[in-house]
């Protein structure tokens, strides 16, 4: 397999009036093309900082990030992103929220007016895939939190990114809705074959979705364990009650407890 994401010994310091905060130090990580990777660790360990580096939103102090063979020097156009807050524009209908990246990202923005009908049909098909058939012309405030997060996933995927970055996308949802969206994301990934980096505090979420789970140390963050998830695919929610699954979760929890004390 060809590597999608190579993070090579990156260090990141946030600088402010009261001094610097070392967020990441010599962090190295390799994620293969088409792989579903999860990043877990104690609060404040730098998980979200790692996301900002990979997407090019902030530059590292040292080290380098290479995505599909190209060194990151600024915002990464081949990445789709979804966060804990869906961040939908309340004055735009659902379909227009989904279409937003196509209005912004090249080469789609140059073609948007000419191909608008085609793009709208694509957006409707994607909404149908996540169980939102018939909701394209609603406004975000007419949807539940789980439905809004489905829209956010569609928006992140509408321009067919090679890399999907997810930062705690289901953390604010109730347990039932969260598990429902695990299955939505699982099905989308298996259908579209993009590379995923999921940042999460939920160890069950990581074990259910990921091929590999990377555990970060306390700040300054670095990778202290990369755990392969040897569970068969496709995975059903029933697997969450199997001993092999719970053993993975217990191992991850023990490692995080260890690094919190270090």
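Between residue 228 and residue 133, the FRET efficiency from the beta-carbon distance, with R0 = 45 Å, is close to 0.80.
The mean sequence separation of alpha-carbon pairs under 8 Å and at least six residues apart, normalised by the residue count of the chain, gives a relative contact order of 26 percent.
With each label modelled as a point 7 angstrom along the Cα→C-beta vector, the residue 175-residue 244 pair spans 2.4 nm. Gain on full extension, evaluated as 0.36 nm per residue between residue 61 and residue 193 minus their Cα-Cα distance, stands at 44.3 nm.
Counted residue by residue at 0.36 nm each, then reduced by the alpha carbon distance between them, the extension gain from residue 48 to residue 254 reaches 72.0 nm. Normalised by 2.2 N^0.38 Å, where N counts its residues, the alpha-carbon radius of gyration of the range 1-111 equals 1.24.
The ellipsoid equivalent to the alpha-carbon distribution of the range 144-262 has semi-axes of 24, 17, 15 angstrom, derived from the gyration tensor eigenvalues as √(5λ) and listed largest first. In the frame of its principal axes, the range 79-143 has Cα extents of 31, 24, 22 Å, reported largest first.
Label positions at residue 33 and residue 100, each projected 7 Å from the Cα along the C-beta direction, are separated by 3.1 nm.
Computed from the C-beta positions of residue 91 and residue 237 and an R0 of 30 Å, the FRET efficiency is 0.25 to the nearest 0.05. Each principal axis of the range 207-262 carries a Cα extent, and these read 36, 17, 13 Å when sorted largest first.
Mean separation of Cα pairs under 8 Å and 6 or more residues apart, divided by the residue count, gives the range 9-120 a relative contact order of 19 percent. Rounded to the nearest 10 degrees, the angle from helix 175-192 to the longest Cα principal axis of the chain is 80 degrees.
Values quoted throughout were computed directly from the atomic coordinates according to the rules given, and no laboratory measurement underlies them. This structure is a prediction, so every number in the text was calculated from the model and none was measured. Counting neighbours? That spans all protein chains shown, and the Cβs are built from the backbone with ideal geometry, glycine included.
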